[in-house]
Amino acid sequence: MKVIVAVDANWGIGQNNKLLVSIPSDMKFFHQETEGKVVVMGRKTLESLPGGLPLKNRTNIVFSRNPDFQVKGAVVVHNLPELMQELKQYPDDQIYVIGGGQVYEMLLPYCNLAHVTKIDFSFEADTYFPNLDEDDEWEITASSDEQTYFDLEFTFLRYERVKG
């Protein structure tokens, strides 16, 4: 299973159920990486997507603790065992965890690869991703050249779980 996330300098990922910033090349990378794959997200992340609708050309799995929650075009699961059972249908390398904060935290232990767009700026955030730089189970295995979007500098990083 993989994680895909954009973080700021403090590993912030969102504020008021919105992305901190939308960078076109990051959005393009996200689209290219996840198209035709399985995306796992929480209900709030689903609601933050355009129109609050599942992403096109992907298998959308939405985690919600509300047993009555349903959404057209997505599979809804209500707990971790139910999610893990659902995910058994798919190749591990085709599954991407796309947020939000609670879902990232819950599923990071099951992931072996993380695509992190690291933005060299500190935004005001209320949701964070675990700091992989401070976790000795993770190491950077690939890094893009620094890129710029207006006055924001960012880098595409690939982290892999170190096999113990």
Does anyone have the angle between helix 24-34 and the longest principal axis of the chain? Alpha-carbon axes, 0 to 90°, nearest 10? 40 degrees
So for the pair Glu82, Glu33, with labels modelled 7 Å out along Cα→Cβ, what separation do we get in nm? 2.8 nm
If amide H atoms are built 1.01 Å from N in the plane of the peptide, which residues on other chains or at least 5 residues away come under 5 Å of the amide H of Val76? Val62
Put a dot 7 Å past each Cα toward the Cβ at Tyr90 and Tyr128; how far apart are the dots in nm? 2.8 nm
Looking at the calculated P(r) for the stretch 42-107, what percent of the C-alpha pair distances fall above 17 Å? 37 percent
Compute the signed sum of charges (Lys and Arg +1, Asp and Glu -1) over the other residues within less than 12 Å, Cβ to Cβ, of Tyr149. -4
Can you give the three extents of the C-alpha atoms in the chain along their principal axes, from longest to shortest, in whole Å? 43, 40, 27
If you keep only loop residues by DSSP, which trypsin sites (Lys or Arg not before Pro) in the stretch 62-129 have at most 15 other Cβ atoms within 10 Å of their Cβ? Arg65, Lys72, Lys88
Could you report the chain's accessible area per residue, 1.4 Å probe, as an integer in Å²? 55 Å²
Roughly how many nanometres apart are two label points built 7 Å out from the Cα toward the Cβ at Ser22 and Asp120? 2.6 nm
Alpha-carbon radius of gyration plus Dmax, which is the widest Cα pair, for the stretch 101-148 in Å: 12.2, 32
Please list the non-local residues whose amide H lies under 5 Å from the amide H of Phe123, H modeled 1.01 Å from N, same-chain partners needing a gap of 5 or more. Ala9, Asn10
Placing unit charges on C-beta atoms (Lys and Arg positive, Asp and Glu negative, everything else neutral), compute the dipole magnitude of the chain about its Cα centre in debye, rounded to 20. 940 debye
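Assuming a ≥ b ≥ c are the square roots of the Cα gyration tensor eigenvalues, decide whether the stretch 76-164 counts as rounded (a/c under 1.5), prolate (otherwise, with a/b larger than b/c) or oblate.
Taking the square roots of the gyration eigenvalues as a ≥ b ≥ c, the stretch 76-164 is prolate.
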The stretch 5-69 shape via C-alpha gyration tensor axes, a/c threshold 1.5: oblate
Just to check I understand the Karplus step: with θ = phi - 60° and J = 6.51 cos²θ - 1.76 cosθ + 1.60, what whole-Hz values come out for the stretch 57-65, glycine and proline as x? 6, 9, 8, 9, 10, 10, 9, 9, 6
In the chain, taking the dipole from +1 charges on Lys and Arg beta carbons and -1 charges on Asp and Glu beta carbons about the Cα centre, the listed residue (Pro130, Leu87, His115) farthest towards the positive end is Leu87
Rounded to the nearest 5, what % of the DSSP beta bridges within the chain are antiparallel ones? 50 percent
Lysine-lysine proximity count for the chain, Cα under 21 Å, sequence distance 8 or more or distinct chains: 20
Could you order the peptides 99-110, 121-132 from most to least packed, using the average number of other C-beta atoms within 10 Å per residue? 99-110, 121-132
Over the chain, calculate the relative contact order: mean separation of alpha carbon pairs under 8 Å at least 6 apart, over the residue count, as a percent. 32 percent
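The values are calculated or read from the model by the stated rules, or taken from the named source; none is laboratory data. Predicted model only: the values in this text are computed from it and were never measured. Quick reminder, even Gly has a Cβ in these numbers, built from the backbone with ideal geometry, and neighbours come from all protein chains shown. Accessible surface areas use protein heavy atoms only, side chains included; no ligands, DNA or RNA. Shrake-Rupley method; radii C 1.70, N 1.55, O 1.52, S 1.80 Å.
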